[in-house]
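Right, one structure below, let's go through it.
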Amino acid sequence: MEFFHNPNYDFLGKKWYFLAFSLVFSVAGVFSMLFWHYIPYGVDFRGGTLVYVKFSHTPNDNALRSAMDHAGLHNAKIQRYDLPSDNEVLIDLDVQETSEQALDRGKTRIINALETDTPAGKQDLNNAPFLTIKNYLLDKDPMHLGSDADQKYTQQATDIVSTRDKVLGGVFNSFDQLKSQVDPGVLASLPDGFFLSDFGVRNVEIVGPQVGAQLRKQALLATIYSLAGMLVYLGFRFEWIYGIAAVVTVFHDTLITVGAFSLLNKDISLTVIAAILTLIGYSNNDTIVVFDRIRENIKLMRREKLADIVNRSINQTLSRTILTAGLTFLTVLALYLFGGEVLRGFSLALVIGILIGTYSSIAIAAPILVAYQDWRISKGKRAVAMPVRAR
């Protein structure tokens, strides 16, 4: 399948437009990383506390941030996840703890920040732990069990927690939702000691600062090693200038992708790093296709200028590039639109990277080869294309 029949576009003739485009986005990204949003590390890299909260109604993000600030939890990031109708929110706090007790402290701080007009002497059933509910029933003894109370009320407390967390997703809207689950006497006694807030803290996760620093180092090393591996492979498979051109191109793609995340103030998480490493391979593969055609054409068009050979090679691979990149882009675009909040960063990196990677294979990598030969000519060196090695 071909989108173009014998195309003859002068891509190298537009190289200054391409350079201007790349400079604008690269410089904007660098400025954002240095002076504006910096590199927006996710909790994986900087450390922090993640709190998963479910609401009984559609939450107001501004009201949540205001509540966090009022409680001394500043710079909280509010992120919706799962289906919008589930009213679930992920709160990212810049609170770095390392102890096990920090889990309970993080949960308590969120609960205290979000609870308003708490009835005196009552506890929140939506956020009460199993032992609190069990001990209340033992003290109250609404079923008048006497010596058999511990076993019976353990089961009643288990049914309450199971209904709340597994059946209702973490939030009671009414005590009546327990009618078919617990003893009528237990149900009648609950409003005396508990009230129902409009939210439930489902889970708390903590990433320590030392772990975050280690992950940052490993992510950087993984990127550097992949670039070095490509340089060595292309230097052996083609010539060193091909490897240098490919690495410069991939660095260009990575810089613009990370810069876009900084400009948009989107967190860079482990999944985003995975997407960037995927893009390094994708962009390099696309570049090699063009380079391979250039090498083949050098054998057939020895008397022509390298600029003409490069232009011819790009045009010959244009249909393949558009077809491959287009189908891949549609796939990752669907992932971005319908994949949910959890995959949003990963899919956004792929959307940006595939566009930039396809563009750079044509507009950045190939012109570097021509610029290299022009430099050789200006230095009075042998004005040839690249030496060709046998396969």
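At-a-glance table
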item: Rel. contact order, % - alpha carbon contacts under 8 angstrom, at least six apart, the stretch 260-357; result: 43
item: Alpha-carbon centroids, the stretch 304-343 and the stretch 16-52: separation in whole Å; result: 24
item: Computed FRET value (nearest 0.05) for Lys122 with Asn265, which takes r as the C-beta separation and R₀ as 35 Å; result: 0.30
item: Degrees, to the nearest 10: 270-300 long Cα axis against longest axis of the chain; result: 20
item: Calculated FRET value between Tyr81 and Leu330, using beta carbons and R₀ = 30 Å, to 0.05; result: 0.75
item: Between helix 240-264 and the chain: long-axis angle, C-alpha atoms, 0 to 90°, nearest 10; result: 30
item: Sequence-separation-based contact order of the stretch 48-206, relative, with Cα cut under 8 Å and 6+ spacing, percent; result: 34
item: Full-stretch length increase - Ile377, Asp104 - with 0.36 nm per residue and alpha-carbon distance subtracted; result: 91.3 nm
item: Label-to-label distance, nm, for residues given as His5 and Val248 (7 Å Cα→Cβ offset); result: 3.8
item: Most mobile listed residue (Val161, Val51, Val247) in the chain, GNM with C-alpha springs under 10 Å; result: Val161
item: Förster radius 25 Å - calculated FRET efficiency between Ala274 and Thr58, Cβ distance, rounded to 0.05; result: 0.20
item: The chain - mean residue ellipticity at 222 nm from DSSP helices (-39,500 (n - 2.57) per run, n ≥ 4, rounded to 500); result: -19500 deg cm²/dmol
item: Taking Ile377, Ile268 and counting other C-beta atoms within 10 Å, the order from fewest to most; result: Ile377, Ile268
item: Lysine pair number, Cα distance threshold 29 Å (strictly under), the stretch 48-206, separation 8 or more or different chains; result: 28
item: Those lysines that a straight Cα-Cα span of less than 20 Å connects to Lys305, excepting residues fewer than 8 apart in one chain; result: Lys14, Lys15, Lys379, Lys381
item: Average Cα contact separation per residue, the chain, under 8 Å, 6 or more apart, as relative contact order %; result: 25
item: Crossing angle, helix 318-338 versus the chain [Cα axis fit, 0-90 degrees, rounded to tens]; result: 10
item: Burial ordering of Val232, Val351, Val182, fewest other beta-carbon atoms within 10 Å first; result: Val232, Val351, Val182
item: Full-stretch length increase - Phe31, Leu355 - with 0.36 nm per residue and alpha-carbon distance subtracted; result: 114.5 nm
item: Neighbour-count ranking [beta-carbon atoms within 10 angstrom, fewest first] of His74, His37, His144; result: His144, His74, His37
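Values quoted throughout were computed directly from the atomic coordinates according to the rules given, and no laboratory measurement underlies them. Computed from a predicted structure; not experimentally measured. Note: ideal-geometry Cβ built from the backbone for every residue, glycine included; neighbour counts use all protein chains shown.
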